[in-house]
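Undergrad: Please see the structure below; I have some questions.
The values are calculated or read from the model by the stated rules, or taken from the named source; none is laboratory data. Predicted model only: the values in this text are computed from it and were never measured. Virtual Cβ from ideal backbone geometry, glycine too; neighbours counted across all protein chains shown. Accessible surface areas use protein heavy atoms only, side chains included; no ligands, DNA or RNA. Shrake-Rupley method; radii C 1.70, N 1.55, O 1.52, S 1.80 Å.
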Amino acid sequence: MTADADIVAELRAARLVGEGDVVLEPLTGGVSCDVWKVETPLGPIVVKRPLPRLRVAAEWLAPVERGVSEVRWLRRARGVDPRLAPEVLAELPTGHAFAMRFLPGCPVWKDELMAGRVDIDFATQVGQGIAAVHAATAHSETDRAAFPNDEMFRALRVDPFLLYVARHDAVLASALIALADDLVSRKIALVHGDVSPKNILVGPDGPVFLDAECAAYGDPAFDLSFCTTHLLIKAVWLDDARLTQAATALVDAYRAGIDWEDAGGLLLRAGKLTAALLLARVEGKSPAPYLTDPEHKRFVCDQARELILASQPLDALVTNWKRTLT
Ligand SMILES: Nc1ncnc2c1ncn2[C@@H]1O[C@H](COP(=O)(O)OP(=O)(O)OP(=O)(O)O)[C@@H](O)[C@H]1O
Ligand SMILES: [Mg+2]
């Protein structure tokens with residue numbers, strides 16, 4: 001039986017599809033998983049199965065148990081607000097695959113931004129959504145116990161984004177190692193771990209967050225920084241001021257939602273993390289695929305390096321971020 005036939009058999013056993021022909025239609029994207037759309041009597045669903053080896057240039061192995069983290073995050077986020085994540089319909093027995101409801105007619109936020117459709121209010125909603133999950137899970141022993149994923153977070157986030165760059169840059173190594181140590185030491189709230197515009201659908205009621213394979217209990221500043229980094233890099237790539245405005249809106253909305261700790265302290269950590277992630281998106285293990293122009297790369301790197309050595313709170317970093325040399 002092929003792997004796809006396994007999936008179909010498991011969907012039948014879960015009573016999500018009937019006995020007739022079942023077509024698995026691959027969805028685009030996906031460096032870390034097989035993702036299919038399947039028409040069912042319940043309507044369209046998505047089946048997602050983690051790959052043991054990511055489809056990226058550098059060698060990058062990842063335990064398939066991350067499928068479990070994703071399902072838990074999606075369910076927890078829906079508990080905070082059902083608009084924030086798709087409904088999980090079933091966990092399948094093999095390889096931590098699962099089925100969720102397909103959200104029709106919802107573009108991926110990244111595609112909207114790339115097409116020049118920059119909706120500042122939507123960026124505000126993204127900031128509110130991330131903060132809502134953090135606020136609901138902050139200082140919660142139950143949530144901490146439900147996401148015992150420190151090792152996975154280290155392997156998929158801390159090592160490739162912070163330590164990989166540290167190993168290749170003697171000047172920044174000590175600052176990046178200190179940042180990595182600080183990041184892994186903080187157990188504050190439930191972190192999604194991959195809040196990128198490519199993992200956010202533009203739903204009719206605001207953002208819908210997907211792809212929570214890296215979810216872990218940790219420092220909420222990470223999610224804020226991860227998403228802001230993408231907007232700032234896109235601002236350089238597209239030379240579009242609305243993208244820095246979107247970053248400002250996101251950070252402001254997130255800040256307004258911080259009720260579990262001092263906002264100033266969090267924004268300082270987020271400024272440091274964003275600086276490191278900006279550099280990692282050029283020189284790390286998972287570079288932004290669209291940032292290919294050497295001038296753009298150098299421009300992002302130069303600013304990032306300066307910001308790693310002389311950190312700024314995230315709100316100031318965003319305000320001072322330059323899109324062009326002029
Ligand atoms: N519930 C859903 N409804 C509609 N579209 C979806 C849904 N889940 C996933 N998709 C589509 O499939 C794409 C890939 O999904 P997802 O990001 O979860 O997979 P992935 O393999 O982890 O991706 P990547 O590694 O590229 O981030 C999404 O960008 C989106 O276009
Ligand atoms: Mg994705």
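Undergrad: Which residues, taken from the stretch 163-221, are more than 16 Å from GLN125 (Cβ to Cβ), open to solvent by 10 Å² or more (accessible area, probe 1.4 Å), within 16 Å of ligand 1 (Cβ to nearest atom) and of a type in the set (A, V, I, L, M, F, W, C)?
TA: CYS214, the sole residue that qualifies.
Undergrad: What do you reckon, is PRO93 over 24 Å from ARG186 (Cα atoms), open to solvent by 10 Å² or more (accessible area, probe 1.4 Å) and either within 13 Å of ligand 1 (Cβ to nearest atom) or without any contact (Cβ under 8 Å) to a residue 40 or more places away in the chain (or both)?
TA: It is false that PRO93 is over 24 Å from ARG186 (Cα atoms), open to solvent by 10 Å² or more (accessible area, probe 1.4 Å) and either within 13 Å of ligand 1 (Cβ to nearest atom) or without any contact (Cβ under 8 Å) to a residue 40 or more places away in the chain (or both).
Undergrad: Moving on. Looking at LEU278, LEU231, LEU317, LEU268, which is the one that is in a helix (DSSP H, G or I), open to solvent by 10 Å² or more (accessible area, probe 1.4 Å) and at pLDDT 95 or above?
TA: None of the others qualify; the one that does is LEU268.
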